[in-house]
Each structure stands twice: as structure tokens, then as C-alpha cells.
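Input: a single structure, listed below in C-alpha cells.
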Amino acid sequence: MKLTKPQRLIDDLEKYAGGSIAVICGSILTRGEQSVDVLKKAVKTLFEINDALRIRISEENGVTEQVITETTKTETEVLSFGSRSELRSYAESYAKVPLDYYGELCEMKVVMLPGACGILAKLHHIIGDAWTLSLLGKQLDEILNGGTPAAFSYTDYCESEEKYLRSKRYGGDRDFFLEHYRRCPEVTYLSESHSASFAAARKTVVVEKKQAKRISDYVHEKDTSFFILFATVTAAYISRVKRNAERFFIGTTVLNRSGFQKKNTAGMFINAVPMLMELQNEKSFAENLSETENTAFSVFRHQRYNYRDVLTDIREQFGFQEKLYDVVLSYQNANIGDTGYETTWYHCGMQTEHLQIHIEDRDNEGKFRIHYDYLCDCFSEKEIGLLHRHLMNLLFSAIEDDSKKLYEPEMLTEEEKQKLLIDFNDTAVDYPREKSVSQLFEEQVKENPGKVAIIDKNRTLTYKALSQQVDRYCATLQLFGVRKGAVVAIHLDRSYEITVFQLAVIKAGAVFLPVDKRYPLQRIKYMCDDCNVFMMISDSLQGIKTVNVISLEKFKLSITSCPTKTIYNDICYIIYTSGSTG
């Protein structure tokens, strides 16, 4: 039997990364006592009624297939622990042990604790998802109470998927995601780091009842969902730290289950979908929340279209080779239903995305947990802790007054505001107030002509060599008409050239304006017009009619001296901040 589309995503993941990356592990405990034999019998029943737990994987001629085996489970291991901390310690290690991909893909152990008992389940993602674990908990509850749980065959889903792939809806879903990519062909990643491994860690934060109630009250007041709220806040955070970006993808997981039968079928259904966030910083948080809700509903209508196919389509049509997102957000509230049950989910220690944020509200406790799963090469635990505080600050500032524009809710902690606004600005130091930057630089050249001033990836410059290049650029600027007080924009890749041009502009008596090459053309035009730029130095920019753009090739004159035109109280530079700190 062929793999389903969701299963093929996991097959790719298994072969790409291996290890424990596709392990799902959780414990399901109930208060009170049950005999070991009763629990063992319940585990046997779970294997009998859920054929997905008995799937085996095989591969022939490079094609992965699956077969459902007969029940072969004979003996179930029993684990006894003196406390929940002992269980957690064991389970956290157990979750990181890989399963044999071509062997048994589900393990269930009976767990005995003082005053509680239950099961510890570990399964491969190719035969089940998070909903499957919750379903096993519901079925366990019914079995222990003498009932007969509803359970259906995963083969039914396989057949329904074949019908979907032949339907008109399949093509419509495909067109939906292609259009989303056309609207946002450039990716925005929260982390620019590159990970050499899939090693990941988890940091869990509990949102206690008082704060959880504030969030819940706002959600009910706005008639929205926890997921929509957290998606808007997460997107606002990404926008704030990525230069006010307003259009980018985040990933989310969807159940891909509709109707009674699918919701009572163990197996791999879940799909990852790219959700295009289209924020507007000049609109209120409430307005952006509403837009996020519209976006999510439209994405959920097309959720069956598999993420593997989305990537294949855009790679074939547009030559896109990257990931669409590096942050995944999910809201998980599948619960067993009986408040006497306690569920705990354990991280497998591996992942591919830089950051996964899981908001978990399973056990009807009036509070919820946020799990931050992160690649260790990209984030530290301290950075994740700070990220959480920033998200919470944004969240509570926004829901306190959601009429604020999206960039207005407070993100920084009180400690950070103290550092940024007070401590970092306490920069009083004595210096030669009667000398300009150019004069101080020339003194350094005279005192240390052979000392290294700049180390670049392509070259090393001494103070003398740097001074000679500054003089050449300064003289060329003056030939182009740059005079005292003129504003010169510098729009270049990050390299030693930027430093040379800054010193040259200052020496010519002018004012330099740094322009980040990642800025959109509209923002660059605004900056140039706002401060009346006289000239721009750029090798790539065109389309600004009001500014004279000069390329680097024009700065090759062999002029050896250029007297400084500045005094100590001349304007040195103009800078436009991103606004990320408010």
C-alpha cells in the first residue's frame, strides 16, 4: 500500500535527518489505581482496534510502501516510578531514542506511580500524530471504564485521499498556494544562523491562571481563537525584529481531519501549511488580528494540499530552493476529556525548523504551557527566555489597548528600557572637543602609519593605506560637486568600502547617510527626499530620479591628497532608525 501524502513528508524527513527526529512520545496518567493485568489488557486492545499502530514500512527499488500486520503484541513492559519527576527523567531520555524505521513503529509501556497509573507511548510520526496520542488516551479511558471505543481503519483515509487527488478541489488548492507565493516571493527568517546539526532543545514556560484568564477573556471578547491571537503576536514580533517587515510566511500545523470517522482514526493525518502574514504596521493591532483571522480561515480551507507538494510546485515554477519559513506555530488543545487524566508530551531532541512554538492547553487546568523547541546552533536557552518575555510583553500590551498601531505595543522589558534609554546613553567621556573626526583620524595616521586599521575578508589596510584611499575618494567627491554640508547617501554591501566612504565624506565637509541595501525602494526614496540627498554612492540602485547615483567605478582617480574641510562642530552623519525599539 502506498504512503499517504502526510506520510511521505515524514518519509522524506526520516531519510533526510534520521535519528529520533520523527519520534512522538507522551505519557497518559489517571489518578487512582488499576491492576497491571488490566492495563496490559488495555494496551493489547489499543493495538487490536487501531491498525495504524501495526503498520510496517518497507522499501523496494527506492519506493517506500506500508503494510498493516496482524496483532503480534504478546508482552507489555511495566515501569514503576517513585515520583513523577522520576517518570519525566526516564521519558525525556526515552523520547530521544530512535525507533527502527523498518521494524516496530509503536511502543507502549504500562506506568505505575504512587496514586496514579497509565501508559507511556512512543510512536513514529509516519503512523501517528499528536491527535493520535490524544485519541489513544480517550480510548484507554473508555476501555478502563468498560466501554468499547470508536476506532476506524487508516486504510479508509488512504482511499479518500486518492479521490481527493483526482478532484477539482486538488487543483484549486494548488492554485491557492501558488498565488500566495507570487504575493511574497522573498523569505524572511527570524534567525539568520545556519545550523550544522538537527540537535534541538525545549524550553517550557507555564502561563499561570491569572494571565491565562486575561488572554482567554480577550479571545472571547473578540470572538476569535487562541491560535489567531498568538499568530498575530508572533508575526508582530517577527516584524519588529526584522526591520518592520510586513509580508512573510510562518508555518503552522493543521489536523487535516474532518468528521467523526477521521477524528477517531489513529494515523498520520497532520499537514504543515505555510501561512502568509500580511501585516500593516500603520493599522491597529485589532485590525491586524482580524486580517490574520481571514488569512487563517482561507488557509484552513485549503489545508489538505500537502506541504511537500507546495514546495515541489514553487520549485518547478519559480526555481525557489529555500524554505518558506523558519518559525512554526501550533495550538494544541486535543484533550482526553476527563479532568482526572494528566498528559505530558516529551521532546525528541531533533528538528529542522529554527524555532517551533507550541501552545498547549490539553488538561482543562485554567492555565496553559508554551513549549519553545529550538535548534541549539541557532538559539541559546537565554535567548529563548528573552524571546518569550518579548512575546508576552507584546501580547499583554496589545490586548490592554488593541487600538494601538501594530508597532506601538511595548515589547521591551523594564530592564532593557533602562539599559537602552538610560545606561547606554550615559556616554559622557572627555575628548578633544575642538577637533573634528577627520583631524583625529589624521593624528592616528601620523602616529601609527604601519598599524593595521581595517581587516576585511578581501584585504588588510594600514592606517597609511586607508588614509590614501580616503583622500582619493574625498577628492573625487569634490570633483562631483560635493560641498560643505551636502548629504551623501552610501548604499553599498557591507565591506571596508563603507568605512572609507564615510571618512571621505566627512573629510570633504559633507554629511554621510547610511542606507541599508535591504530597504525597499519606497523607504530609500523617502529618506533621500526627507534630508535632501545631494548624491548617492551605489552599484545596484536605480530609479531615484531626484538623486544623482554614482557607482564605485567612478572613484578610481589617482589623487594623493585632499585637505580636510571640517571643523569640530560640523554635522557628521544622519541616520534613520528602524523603529524596532520604539
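The values are calculated or read from the model by the stated rules, or taken from the named source; none is laboratory data. In this text, all values refer to a predicted model and were calculated from it rather than measured experimentally. Every residue, glycine as well, gets a Cβ built from its backbone with ideal geometry; the counts of neighbours run over all protein chains shown.
Figures for the structure shown
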item	result
Residue check, Phe297 in a loop (DSSP other than H, G, I, E, B), over 18 Å from the mean Cα position of the chain (by Cα) and either surrounded by fewer than 18 Cβ atoms within 10 Å (Cβ to Cβ) or not assigned by TED's automatic domain parsing to the domain that holds Asp129 (or both)	no
From the options Phe379, Phe396, Phe368, residue that is crowded, with 19+ Cβ neighbours inside 10 Å and more than 15 Å from the chain's Cα centre (by Cα)	Phe368
Residue in region 485-500 that is under 22 Å from Thr546 (Cα atoms), of a type in the set (A, V, I, L, M, F, W, C) and more than 41 Å from the chain's Cα centre (by Cα) present	yes
Restricting region 273-294 to residues that are in a helix (DSSP H, G or I) and aliphatic (A, V, I, L, M), the residue that is farthest from the chain's Cα centre (by Cα)	Ala286
Matching residues in region 353-365 - criterion: being over 25 Å from Asp326 (Cα atoms) and either without any contact (Cβ under 8 Å) to a residue 40 or more places away in the chain or surrounded by fewer than 19 Cβ atoms within 10 Å (Cβ to Cβ) (or both)	Asp363, Asn364, Glu365
Residues of region 67-98 classified as under 28 Å from Asp51 (Cβ atoms) and among the acidic types (Asp, Glu), total	3
Those residues of region 260-272 which are surrounded by 21 or more Cβ atoms within 10 Å (Cβ to Cβ) and part of a loop (DSSP other than H, G, I, E, B), in sequence order	Thr265, Ala266, Gly267, Met268, Phe269, Ile270
Selection within region 531-547 - surrounded by 11 or more Cβ atoms within 10 Å (Cβ to Cβ), at pLDDT 85 or above and not hydrophobic (A, V, I, L, M, F, W, C)	Ser538
Options Asn61, Asn50: the member that is under 30 Å from Asn271 (Cα atoms), surrounded by 21 or more Cβ atoms within 10 Å (Cβ to Cβ) and of a type outside the set (Phe, Trp, Tyr)	Asn50
Condition met for Ser83 (under 22 Å from Gly128 (Cα atoms), in the same structural domain as Glu342 (by TED's automatic domain parsing) and among the hydroxyl-bearing types (Ser, Thr, Tyr))	no
Among (1) in contact with a His (Cβ under 9 Å, 6 or more places away or on another chain); (2) without any contact (Cβ under 8 Å) to a residue 40 or more places away in the chain - the single one Ala95 does not satisfy	(2)
Selected residue (only one of Leu394, Leu412 is modelled with pLDDT of 95 or more and either in contact with a Pro (Cβ under 8 Å, 6 or more places away or on another chain) or not in a helix (DSSP H, G or I) (or both))	Leu394
Residue selected from region 300-321 under the condition in a helix (DSSP H, G or I) and of a type in the set (Ser, Thr, Tyr), by the criterion farthest from Arg8 (Cα to Cα)	Thr312
Residue satisfying condition, being over 29 Å from Ala245 (Cα atoms), surrounded by 20 or more Cβ atoms within 10 Å (Cβ to Cβ), aromatic (Phe, Trp, Tyr) and touching a residue at least 24 places away in the same chain (Cβ under 8 Å), within set Tyr473, Tyr568	Tyr473
Number of the condition not met by Ser467 [criteria: (1) within 17 Å of Val549 (Cα to Cα); (2) buried (at least 17 other Cβ atoms within 10 Å of the Cβ)]	(1)
Unmet criterion (only one of (1) surrounded by fewer than 16 Cβ atoms within 10 Å (Cβ to Cβ); (2) of a type in the set (A, V, I, L, M); (3) more than 17 Å from Asn264 (Cα to Cα)) for Ala150	(3)
Candidate set: region 304-327, residues that are touching a residue at least 40 places away in the same chain (Cβ under 8 Å) and farther than 13 Å from Arg174 by Cβ; chosen: the one farthest from the chain's Cα centre (by Cα)	Phe318
Tally of residues being within 26 Å of the chain's Cα centre (by Cα) and closer than 17 Å to Arg54 by Cβ across region 128-144	4
Criterion: within 35 Å of the chain's Cα centre (by Cα) and either surrounded by fewer than 21 Cβ atoms within 10 Å (Cβ to Cβ) or not charged (D, E, K, R) (or both) - qualifying residue of Glu75, Glu92	Glu92
Residue list for region 366-393, filter: touching a Ser or Thr at 6+ places or on another chain (Cβ under 9 Å), in contact (Cβ under 8 Å) with a residue 60 or more places away in the chain and not aromatic (Phe, Trp, Tyr)	Gly366, Arg369, Ile370, His371, Leu375, Cys376, Asp377, Cys378, His390, Leu391
Subset tally (residues that are within 11 Å of Val23 (Cβ to Cβ) and of a type in the set (A, V, I, L, M)) for region 92-120	4
Residue check, Ser330 under 18 Å from the mean Cα position of the chain (by Cα), farther than 14 Å from His180 by Cα and not in a loop (DSSP other than H, G, I, E, B)	yes
Flag if Gly172 is at pLDDT 95 or above and loosely packed, with under 13 Cβ neighbours inside 10 Å	yes
Subset tally (residues that are surrounded by 16 or more Cβ atoms within 10 Å (Cβ to Cβ) and either farther than 25 Å from Thr344 by Cα or not aliphatic (A, V, I, L, M) (or both)) for region 196-215	3
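Residue-by-condition table, conditions (1) within 36 Å of the chain's Cα centre (by Cα); (2) without any contact (Cβ under 8 Å) to a residue 24 or more places away in the chain:
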{"residue": "Val23", "(1), (2)": "yes, no"}
{"residue": "Ile28", "(1), (2)": "yes, no"}
{"residue": "Ser35", "(1), (2)": "no, yes"}
{"residue": "Leu39", "(1), (2)": "no, no"}
{"residue": "Asp51", "(1), (2)": "yes, no"}
{"residue": "Arg56", "(1), (2)": "yes, no"}
{"residue": "Gln66", "(1), (2)": "yes, no"}
{"residue": "Ser83", "(1), (2)": "yes, no"}
{"residue": "Arg88", "(1), (2)": "yes, no"}
